[in-house]
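Working notes for the structure below.
The values are calculated or read from the model by the stated rules, or taken from the named source; none is laboratory data. Since this is a predicted model, take the numbers as computed values, not measurements. Using ideal geometry, Cβ is built from the backbone for each residue, glycine included, and neighbour counts are taken over all protein chains shown. Only protein heavy atoms, including side chains, enter the accessible area calculation; ligands, DNA and RNA are left aside. Shrake-Rupley method; radii C 1.70, N 1.55, O 1.52, S 1.80 Å.
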Amino acid sequence: GLLFFYDFCYAQWNFLLPAQMGALYGAAGARRFSLLGAINCVTVILLTPALTKYTHRIPPLPALALGAALYGAAFLGFAAGGGMPLFIVYGVLFTLGEVVTTIQWGAFLADRTPAACRGRMTAFSSFVRGAGTGCAPAAMGFALTVLGYRGGWLVTAALVLCAGAGMLLLSRRDRGPVA
């Protein structure tokens, strides 16, 4: 269930952020969002090896919480605004969270699921994550009309930080990899 919220919040990169760029920069908003997307790609390519090496030492659930914290910091930054140079910084923070979360989730699922059930768990996980992504535009579109961009990002940050806290709580009960 926590992954629903991770992916609901993650989807705001492709829904709320481009809308905000358009509101802030008008016709230049698409070009500026494209710049953020390009920086996202370069960051993934350049930093994934280092983040993989670093997070290998962190247990999966705390690492997933770290990913949520990075998302949350980025979302709070998007709420604060402050111009394109800061949006680039927030975009890099978001990307770091994206990489950490992506690296850790698959490993966690594989380690904690018996071999006979991995296919079903992967399918169920994909369904839950897809539901979060699928619900995000409609829910945030409604919230945006009520809360505006700042409020939308604050809600998004609160959701992902709560999901990250949930991962930390789960880590207390984690029994480790399945034999």
- [ ] Being at pLDDT 95 or above and outside any helix (DSSP H, G or I) is the filter; apply it to the range 1-47 and report the residue that is farthest from the chain's Cα centre (by Cα).
- [x] 15
Open item on the list: residue 174 - would you say it is more than 15 Å from residue 13 (Cα to Cα), surrounded by 14 or more Cβ atoms within 10 Å (Cβ to Cβ) and either modelled with pLDDT of 95 or more or out of contact with any Gly (no Cβ under 7 Å at 6 or more places or on another chain) (or both)?
Closed with: yes
- [ ] Please work out which one of (1) aliphatic (A, V, I, L, M); (2) farther than 26 Å from residue 162 by Cβ; (3) open to solvent by 60 Å² or more (accessible area, probe 1.4 Å); (4) touching a Leu at 6+ places or on another chain (Cβ under 9 Å) is the condition residue 84 fails and give its number.
- [x] (3)
Task: Tabulated pairs, the range 51-74, first of a type in the set (Gly, Ala, Ser), second open to solvent by 40 Å² or more (accessible area, probe 1.4 Å), C-beta under 6 angstrom, 6+ apart or interchain - done: 65/168; 72/161; 73/93; 74/93
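Kindly check whether there is at least one residue in the range 90-112 that is over 27 Å from residue 127 (Cα atoms), open to solvent by 20 Å² or more (accessible area, probe 1.4 Å) and assigned to a helix (DSSP H, G or I).
Taking every residue of the range 90-112 in turn, at least one turns out to be over 27 Å from residue 127 (Cα atoms), open to solvent by 20 Å² or more (accessible area, probe 1.4 Å) and assigned to a helix (DSSP H, G or I).
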- [ ] Would you point out the residue of the range 26-37, among those that are open to solvent by 50 Å² or more (accessible area, probe 1.4 Å), free of Cβ contacts under 8 Å to residues at least 24 places away in the same chain and not charged (D, E, K, R), that is farthest from residue 88 (Cα to Cα)?
- [x] 27
TODO: Output the residues belonging to the range 147-176 that are of a type in the set (Ser, Thr, Tyr), more than 13 Å from the chain's Cα centre (by Cα) and over 17 Å from residue 111 (Cα atoms).
DONE: 149
